[in-house]
1. Counting DSSP beta bridges in the stretch 17-262, what percent are antiparallel, to the nearest 5?
2. As a test question: what accessible area, to the nearest 10 Å², does Y44 have when a 1.4 Å probe is rolled over all protein chains in place?
3. My understanding is that a pair violates if its Cα-Cα distance is over 20 Å; which of K217/K313; K279/K392; K234/K272; K217/K327 do that in this structure?
4. Once the Cα atoms of helix 175-184 and of the chain are each reduced to a long axis, what angle between those two axes, in degrees from 0 to 90 to the nearest 10, is obtained?
5. For the stretch 345-390 and the stretch 62-123, what is the centre-to-centre distance using only Cα atoms, to the nearest Å?
6. Can you figure out the FRET efficiency of R23 with S400, using R₀ = 41 Å and their beta-carbon distance, to the nearest 0.05?
7. Which residues among the stretch 301-342 fall inside the zone where the amide N is under 15 Å from a point 7 Å beyond the Cα of R286, along Cα→Cβ?
8. For the stretch 17-262, what does the relative contact order come out to in percent, with C-alpha contacts under 8 Å and a separation of six or more?
Amino acid sequence: MKESNTMAGKDKSDLRPQTLLVRGGLERSPYFETSEALYLTSGYVYETAEEAEAAFKGDIDRYIYSRYANPTVAMFEERLRLFEGAEFCRGFASGMAAVFASIACQVKAGDRVVASRALFGSCHYIITEILPRYGVETVLVDGTNLEEWEAALAPGAQCVFLETPSNPTLEIIDLQAVSNLAHAAGANVIVDNVFATPVLQQPLEFGADIVVYSTTKHIDGQGRCMGGAVLGPKSFNDDHLTQFIRHTGPSMSPFNAWVMLKGMETLELRVKRHCESAKQVALHLRTLPGVDRVIYPGLEDHPQAALAQRQMKDGGSLVAFELSGGKSVAFKALNGMNLIDISNNLGDSKSLITHPSTTTHQRMPEEDRLHLGITDGLLRLSVGLEDVEDLKDDLTRALSD
Ligand SMILES: *Cc1c(COP(=O)(O)O)cnc(C)c1O
């Protein structure tokens, strides 16, 4: 059964990365269109009853049903797969569908999962609330502390889940060191690579096994569609993921896959600009009154600047900063922005700002929140593609009123 686009006879692996983002995975229809075709179809037809039988038996490789595979989704999967340098890529309806599938497809009651504590709110919920309900033991560690990883992995584990840089405090986890510890304990390593994007960090190079994206963020990049992706070794797809997707249906919509394909063509350009502007915004924030702390992985004063430089090509689009005075001051700053929008989304061409402790991390117990540095004065800014001088002006105005 056709589950993905194998690009048979069209090996694109020798092309350079930016070319793969523009052309990777393209399979033209008999109409020879320039732009990728959008196949909005749920099903596929058979010439004969025998052909349908052969398709279901797996004797012929063809499309059967779009819950399993779709030609537009397959083009998206192949483009991201080539860029990431993975053996397989599967598209998902959302980032969270991808995160959940990457873990749920491989664990059973009695297994252990070890994860970093600084996680996106919904990833935290899956690890701490959903998996334990199914009898999976889950352990959270300080992702930056290798001794904690080692101790938590000592009894063995099925998998490790982590996010680097983390949301919203932009902590960096040593991918190579954690992968080594995990492999020694018999665990595979799943990395939520959303904040870094595939342009800035490729976790497979540092020993990770599986990479997960919310393509809703920088891969779409213009705040239009939801999507997710899981990449990794072929055996993981064959042994775990394929049947899980087929029978639970977290599949990506062909329309959203088409939007993501077009997003990938400009991904590198956009991420470069996001990084340049984010760095300038971070430097500017430092000069503004009431700003106690600015966290940006691309600056020398980030607590793990050397590790960030080793793992990431640049600092990314997100800047976190802390205002003295807590919630009331933070809210006043948010309400004082004229250009930057208040929104919990990120990785958009529009600059978006959020107050994590009352939004994305509201559900997290206060003790955990404070432990992670998510104070009432902390703001998370996703720096967009506007002229950076206008962003600086907006921040200056909002923080000095
Ligand atoms: C947004 C996000 C997700 C979830 O993705 P959705 O597409 O919103 O489901 C997961 N992890 C991180 C780090 C994110 O930023």
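The values are calculated or read from the model by the stated rules, or taken from the named source; none is laboratory data. All of these numbers come straight from a predicted model, not from anything done at the bench. Here Cβ is always computed from backbone atoms with ideal geometry, including for glycine, and neighbour counts include all displayed protein chains. Surface areas here come from the heavy atoms of the whole protein model, side chains and all, with no ligands, DNA or RNA. Shrake-Rupley method; radii C 1.70, N 1.55, O 1.52, S 1.80 Å.
1. Values: 10 of 26 bridges.
Taking every DSSP beta bridge with both residues in the stretch 17-262, the antiparallel ones total about 40 percent.
2. For Y44, the solvent-accessible surface is approximately 50 Å².
3. In this structure, K234/K272; K217/K327 exceed 20 Å between Cα atoms.
4. 60 degrees
5. Cα centroid of the stretch 345-390 versus Cα centroid of the stretch 62-123: 25 Å apart.
6. Efficiency computed from Cβ-Cβ geometry: 0.30.
7. 301-306, 315, 319-322
8. Result for the stretch 17-262 is 25 percent.
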